[in-house]
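Encoded as structure tokens, the structure appears first; notes follow it.
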Amino acid sequence: DAQLKSTDSAGEREQINEQIVNREKQLAPVYLQVAHEFADLHDRAGRMKAKGVISKALSWKSSRKFFYWRAKRRILEHAARKDLQVANTCLSWLETESLVKSVCPTEWSDDKAVATWLGENPDAMALLISQQTLVCAQNLLKQKLAKLSPEQQEALKQSLC
């Protein structure tokens, strides 16, 4: 390209441009092969698993079943966690996961088992949600009481007795 810039003659420029185009055509298959190899090294299931991007490699045959159970589990889990956050606004999203995990007796990494359990045990989730509603109310009450002066706390005790 430096040669192209330093040339004043139109004929030489045309000749240099032609050489560049020919060289690009000649190198294109090599660059394409390198690009494919690079992608293969980085986008293969084994490599992605080794890097922790995926938990396991899927076969094409079982992929439909895998994604069905993954989606079903995520939908049910998301609904349960959202209900927990509504019941106890102090909970973070990660804390809701821990709570759901604590009541779910199945292997947490098994999408089918977790989805089945969440779908078949709405009473367990309802109990957990009611417990979290109570925890939230208790925390709120403690915060309110802590803001009262000792005289106000004493007056409150007298009025409750």
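Is at least one residue of the range 93-100 of a type in the set (D, E, K, R), assigned by TED's automatic domain parsing to the domain that holds I75 and over 16 Å from R74 (Cβ atoms)? First the steps, then the outcome.
Within the range 93-100, the first condition is being of a type in the set (D, E, K, R), and the residues that meet it are 95, 97.
Now drop any that are not assigned by TED's automatic domain parsing to the domain that holds I75, which leaves 95, 97.
Restricting the remaining residues to those that are over 16 Å from R74 (Cβ atoms) gives 95.
The answer is yes, given that some residue of the range 93-100 is of a type in the set (D, E, K, R), assigned by TED's automatic domain parsing to the domain that holds I75 and over 16 Å from R74 (Cβ atoms).
Within the bounds of the range 148-159, is there any residue that is assigned by TED's automatic domain parsing to the domain that holds L99 and either in contact (Cβ under 8 Å) with a residue 24 or more places away in the chain or within 21 Å of T96 (Cα to Cα) (or both)?
For the range 148-159, residues assigned by TED's automatic domain parsing to the domain that holds L99 and either in contact (Cβ under 8 Å) with a residue 24 or more places away in the chain or within 21 Å of T96 (Cα to Cα) (or both): absent.
Which one of L91, L84, L76 is in contact with a helix residue (DSSP H, G or I) (Cβ under 6 Å, 6 or more places away or on another chain), more than 20 Å from I54 (Cα to Cα) and assigned to a loop (DSSP other than H, G, I, E, B)?
Details: L84 fails: assigned to a loop (DSSP other than H, G, I, E, B); L76 fails: assigned to a loop (DSSP other than H, G, I, E, B).
After ruling out the rest, the residue left standing is L91.
If you check T96 against the conditions, is it free of Cβ contacts under 8 Å to residues at least 60 places away in the same chain, within 30 Å of L134 (Cβ to Cβ), hydroxyl-bearing (S, T, Y) and not in a helix (DSSP H, G or I)? Walk me through it before giving the result.
On the way: free of Cβ contacts under 8 Å to residues at least 60 places away in the same chain: yes; within 30 Å of L134 (Cβ to Cβ): yes; hydroxyl-bearing (S, T, Y): yes; not in a helix (DSSP H, G or I): no.
No; evaluated as a whole, the condition is false for this residue.
Could you check how many residues of the range 37-62 are in contact (Cβ under 8 Å) with a residue 40 or more places away in the chain and either over 27 Å from W108 (Cβ atoms) or surrounded by 10 or more Cβ atoms within 10 Å (Cβ to Cβ) (or both)? Steps first, please.
Taking the range 37-62 and keeping what is in contact (Cβ under 8 Å) with a residue 40 or more places away in the chain, we get 55.
So of that shortlist, the ones also either over 27 Å from W108 (Cβ atoms) or surrounded by 10 or more Cβ atoms within 10 Å (Cβ to Cβ) (or both) come out as none.
Residues meeting the conditions: 0.
Within the set of pairs 6 or more residues apart or between chains, which connect a residue that is of a type outside the set (S, T, N, Q) inside the range 11-23 to a residue that is surrounded by fewer than 10 Cβ atoms within 10 Å (Cβ to Cβ) with Cβ atoms less than 9 Å apart?
I16/D1; I20/D1
What about S9, is it loosely packed, with under 11 Cβ neighbours inside 10 Å, in the same structural domain as L141 (by TED's automatic domain parsing) and more than 30 Å from L141 (Cα to Cα)? Don't jump to the end; show me each part of the working.
On the way: loosely packed, with under 11 Cβ neighbours inside 10 Å: yes; in the same structural domain as L141 (by TED's automatic domain parsing): no; more than 30 Å from L141 (Cα to Cα): yes.
When the stated conditions are applied, S9 does not pass them.
To keep it simple, each residue is scored yes or no on (1) within 38 Å of the chain's Cα centre (by Cα); (2) of a type in the set (S, T, Y); (3) in a helix (DSSP H, G or I).
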site	(1), (2), (3)
R13	no, no, yes
E37	yes, no, yes
R47	yes, no, yes
I54	yes, no, no
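Are any of the residues in the range 101-112 assigned to a helix (DSSP H, G or I), assigned by TED's automatic domain parsing to the domain that holds L141, touching a residue at least 12 places away in the same chain (Cβ under 8 Å) and more than 30 Å from L141 (Cβ to Cβ)?
Filtering the range 101-112 down to residues assigned to a helix (DSSP H, G or I) leaves 101-103, 111-112.
Imposing the further condition that a residue be assigned by TED's automatic domain parsing to the domain that holds L141 reduces the set to 101-103, 111-112.
Narrowing further to those that are touching a residue at least 12 places away in the same chain (Cβ under 8 Å): 103, 111-112.
Filter again for more than 30 Å from L141 (Cβ to Cβ), leaving 111-112.
Scanning the range 101-112 turns up at least one residue that is assigned to a helix (DSSP H, G or I), assigned by TED's automatic domain parsing to the domain that holds L141, touching a residue at least 12 places away in the same chain (Cβ under 8 Å) and more than 30 Å from L141 (Cβ to Cβ).
The values are calculated or read from the model by the stated rules, or taken from the named source; none is laboratory data. Since this is a predicted model, take the numbers as computed values, not measurements. All Cβ positions, even for glycine, are placed from backbone atoms using ideal geometry, and neighbour counts span all protein chains on display.
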